[in-house]
Every structure is written in C-alpha cells, then in structure tokens.
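Only one structure is covered here, and it is reproduced in the block below.
FYI, it's all coordinate maths here, none of it is from the lab. Small disclaimer: the values here were computed from a predicted structure and weren't measured. Every residue, glycine among them, receives a Cβ derived from its backbone with ideal geometry; neighbour counts consider all protein chains shown.
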Amino acid sequence: MAMSKEPQRLLSLDAFRGLTIAGMILVNNSGSPDKYSPLKHADWHGWTPTDLVFPSFLLIAGVAIPLAFSKRAERGDSTSSLIWKILRRSALIFAIGMLLNAFPGYWPRRFPGVLQRIALCYLAASLLYLNLSRRALTITTVALLLGYWAAMTLIPVPGIGAGDLSRPNNLAAWVDRAVLSGHLYKDDYDPEGILSTFPAVATTLIGVLTGIWMLTARPVAEKVSGIFAAGTVLLALGAFWGMAFPINKALWTSSFTLYSAGWSLLLLGCFGWLIEVENVKRWAWPFLVFGANPLVAYVLSGLTMSMASRTEVQGASGMVSIRKFVYEQGFASWAEPSMASFLFALSYVLLWLLLMAVLYRFKVFIRL
C-alpha cells in the first residue's frame with residue numbers, strides 16, 4: 001500500500017467513482033431494516049437505483065485499466081511488471097474482503113463478497129486487456145454474456161431441470177450451494193457467487209472498452225458523445241433482452257449487465273460533459289473526495305459500522321448497540337421509520353465525507 005501525492009487524473013472518472021463509493025456507503029448503512037424504498041435492492045427480478053451502484057463501480061474500474069496501464073507503458077514498465085502489479089493488487093483486495101467478512105473473528109463465515117468480486121473482475125479484465133486486441137475484447141464480452149445466458153437457461157439443475165430462474169432453483173444458486181455450502185450470504189444463494197462473477201467480468205470489460213475509446217485522439221466532446229451513444233444502445237439492448245432473460249442483480253443476468261452498463265455510461269457521460277467539456281467542477285468536490293481514496297472509504301466505513309453494531313451502550317430500555325442508540329435517539333425519535341433510516345445513512349455518508357476530506361486536503365492518496 002502506497003501513500004503519495006496524486007498525479008494528474010481525469011476528474012470525471014474520479015468523481016463518478018466517488019459517486020459509486022458514496023452510494024455503497026449509503027445503501028449499506030441504513031439505520032434499521034425499514035429502509036427508504038429507493039435504497040432497497042429489488043426482491044428478485046427487476047431493479048432499483050440501489051442495484052445500479054455496484055455495477056457502476058465495476059464499470060469505472062474497467063475504464064481506469066487502459067488509462068492507468070497506458071501511463072505505465074509510457075514510463076517504460078515491462079509487461080511482466082504490470083502482471084505482477086495486477087496479481088499483487090488483486091490478491092490484496094481479495095484478502096481485505098475476506099478479512100472484512102471475518103471481522104471480528106479470524107475465519108470468515110462467508111467466502112464471496114463485494115471486494116472479492118472486485119478483485120476477481122479486476123484480475124480478469126486487466127489480464128485480458130494486456131493480451132487481447134479491442135476486437136477480441138469485444139468478442140470476449142459478448143461470449144461471456146451469451147455463455148452465461150445459455151448456461152442459466154439450458155443447463156439442467158439436478159432434480160429441477162433447465163431454465164428455472166427462481167431464487168432457490170437457478171443454476172448459479174445450485175453451483176454456489178454445491179461448492180460453498182455454509183459460506184454464502186444466504187443459505188440458498190449468494191449475490192456475489194461463482195457463476196455470476198462471469199457476467200460481472202463482462203461489466204468490467206465494457207468499462208475497459210470505454211477506457212480504450214477515451215484514449216483515442218478524438219476531441220473530448222466527441223468521446224463524451226460516443227459514451228452517451230453507447231449507453232443508450234446498451235440500455236435498449238438490456239431492456240429488450242430482459243423480456244426473455246429477466247433483469248436481475250442478484251443473478252447478474254446478461255440483460256442486467258447491459259442495462260446497468262447503459263445507465264452507468266449515461267451517468268459517466270454526464271460527468272464527462274460537465275467536468276471535462278464545460279469545465280464545471282465545483283459541484284463534484286464531494287465525489288472527488290470519495291473517488292480519491294475509494295478503498296479506504298469503503299473499508300473503514302464498513303469496519304466502523306460493524307464495530308458500532310457490536311459495541312453496546314446503555315439505552316432507555318437497556319443495553320443496545322451504538323448503531324441502534326444513535327438511530328433511535330438521533331433520528332427515530334422525530335422522523336418516521338423509513339425516513340429516519342435514510343437520514344441515518346445519509347449522515348453516515350457525510351461523516352465519512354468529512355474524514356476523507358482531511359486526506360484530500362493534505363493530498364494523501366492511499367493506493368494498493
């Protein structure tokens with residue numbers, strides 16, 4: 001892990017990355033189970049704004065791969081040194097994810113997780129980028145999406161048959177139970193499971209292809225227009241495919257991959273237009289703060305809330321967790337439950353904005 005002054009970067013990418021990190025903190029840290037409706041995941045098929053947060057982060061991670069590697073190539077870094085960097089970074093992110101799952105113990109109950117998926121997608125997308133042409137990357141992305149669709153709809157699940165996409169009976173859930181039984185998010189499936197990681201890699205590769213487009217010599221306005229066009233096409237394709245292969249974040253269906261990537265590119269286009277083309281930047285400061293130290297913000301906010309959920313203090317009705325005490329005394333005492341839960345989560349985001357602003361102010365950027 002390195003701490004250094006930040007090199008010149010494309011601000012719209014950092015700002016969009018920061019938006020996704022703020023979104024992750026917001027949706028992961030509600031005050032109570034009475035979540036504000038837009039901060040809930042879809043029950044199964046379908047989508048909510050919350051379902052778009054994680055794929056947006058993976059897509060922007062993919063965008064950063066060609067940009068970062070092109071700078072290293074300009075410095076004269078060898079391919080072998082780049083591969084070592086990829087392997088080291090992926091292993092560290094995966095290990096941190098396992099430690100988060102284990103906290104406060106020594107062995108994780110759950111093996112998959114958000115950081116584990118980020119590590120695997122970054123590893124696969126980076127190695128593919130180093131070894132394939134743009135055309136081959138496009139073919140690989142399409143093959144991953146078509147292959148996952150074929151597997152989920154054509155391969156029979158033992159005792160059930162083929163094509164059942166219900167929560168307990170689909171192929172991805174069956175594979176997770178067969179390989180990782182007892183170490184899943186739920187007893188019958190995991191939203192970051194084994195098979196669904198393949199289309200998540202496709203999400204990251206769409207980001208890689210976007211990053212390659214951004215490295216071209218075209219004018220910035222033309223690049224942003226191309227991102228808008230690509231987002232519109234992917235959104236339409238995802239919606240169309242969703243009529244046969246439902247949009248589902250938990251399964252990370254191929255239609256969800258395209259649909260969420262479409263929304264992500266449209267938002268990235270908006271950020272790029274405002275920041276890079278129109279040079280309007282002040283509004284983006286909070287997102288730049290989060291985007292400058294994304295892993296630190298995500299990991300520390302998760303650890304802090306985990307400790308607050310386990311540490312008890314004296315409340316009005318006895319011993320309660322710090323999390324519950326703050327929620328009840330600071331928010332539930334005057335706001336209706338879903339709004340109180342939302343305001344608790346929003347306040348937590350603002351707290352971490354202030355903490356990350358200190359690092360940003362002193363130009364401390366922590367990288368793996």
Exercise. Jot down the per residue volume, in cubic angstrom and as a whole number, of the convex hull over the alpha-carbon atoms of segment 200-243.
Key: 54
Exercise. Provide the FRET efficiency to the nearest 0.05 for the residue 136-residue 309 pair, computing r from the beta carbons and using R0 = 41 Å.
Key: 0.35
Self-check item: Quotient of Cα Rg and 2.2 N^0.38 Å for the chain, N being how many residues it contains
Solution: 1.00
Quiz item: Per residue and in cubic angstrom, what volume does the convex hull of the Cα atoms of segment 25-155 have?
Solution: 169
Quiz item: In cubic angstrom, how much convex hull volume per residue do the alpha carbon atoms of segment 307-368 span?
Solution: 112
Self-check item: Label-point separation, residue 266 to residue 78 (7 Å along Cα→Cβ), nm
Solution: 4.7
Quiz item: Extent of segment 175-273 along each principal axis, from alpha carbon coordinates, in Å, largest to smallest?
Solution: 52, 28, 17
Quiz item: Packing-wise, with mean Cβ within 10 Å as the measure, how do 119-126, 12-19, 77-84 rank, highest first?
Solution: 12-19, 119-126, 77-84
Practice problem: Distance between Cα centroids, segment 354-368 to segment 5-74: provide it in whole Å. | Solution: 18
Quiz item: In the structure displayed, which of 85/249; 35/324; 249/281; 35/249; 40/324 lie more than 23 Å apart, Cα to Cα?
Solution: 85/249; 249/281
Quiz item: Along the Cα-to-Cβ line of residue 37, 7 Å from the Cα, sits a label point; which residues in segment 305-346 have backbone N less than 20 Å from it?
Solution: 335-346
Self-check item: Packing rank of 250-258, 51-59, where each peptide gets the mean count of other beta carbons within 10 Å, highest leading
Solution: 250-258, 51-59
Practice problem: Would you grab the residues whose amide H sits under 5 Å from the one on residue 365? Only those 5+ places off in sequence or on another chain, please, with H modelled 1.01 Å from N. | Solution: 4
Quiz item: For segment 305-368, which chymotrypsin sites (Phe, Trp or Tyr not before Pro) are in a loop by DSSP, counting at most 11 other Cβ atoms within 10 Å?
Solution: 334, 362
Practice problem: Towards the positive end of the charge dipole of segment 56-277, with charges on Cβ (+1 Lys, Arg; -1 Asp, Glu), say which of 183, 76, 235 has the farthest Cα. | Solution: 76
Quiz item: For the chain, what does -39500 (n - 2.57) per DSSP helix run (n ≥ 4), summed and divided by total residues, give at 222 nm, in deg cm²/dmol to the nearest 500?
Solution: -21000 deg cm²/dmol
Quiz item: What FRET efficiency do you get for residue 103 and residue 222 if R0 is 45 Å and r is their Cβ-Cβ distance, rounded to the nearest 0.05?
Solution: 0.45
Quiz item: Bin by bin, in steps of 10 Å, what percent of the Cα pairs in segment 104-172 do you find, going until the bin that has the longest distance?
Solution: 17, 28, 34, 19, 2
Quiz item: By per-residue mean of other Cβ atoms within 10 Å, what is the highest-first order of 156-164, 230-238, 204-212?
Solution: 204-212, 230-238, 156-164
Quiz prompt | Label-to-label distance, nm, for residues given as residue 333 and residue 278 (7 Å Cα→Cβ offset) | solution = 4.2
Self-check item: segment 56-277, dipole about Cα centre (Lys/Arg Cβ +1, Asp/Glu Cβ -1), debye to the nearest 20
Solution: 480
Practice problem: Work out the charge dipole of segment 213-368 with +1 on the Cβ of Lys and Arg and -1 on the Cβ of Asp and Glu about the Cα centre, then indicate which of 308, 364, 280 is farthest towards its positive end. | Solution: 364
Practice problem: Pop out the ³J(HN,Hα) list for segment 311-328 in order, Karplus 6.51 cos²θ - 1.76 cosθ + 1.60 with θ = phi - 60°, rounded to Hz; leave Gly and Pro as x. | Solution: 8, 9, 10, 7, x, 5, 10, x, 6, 9, 5, 4, 4, 5, 4, 5, 4, 5
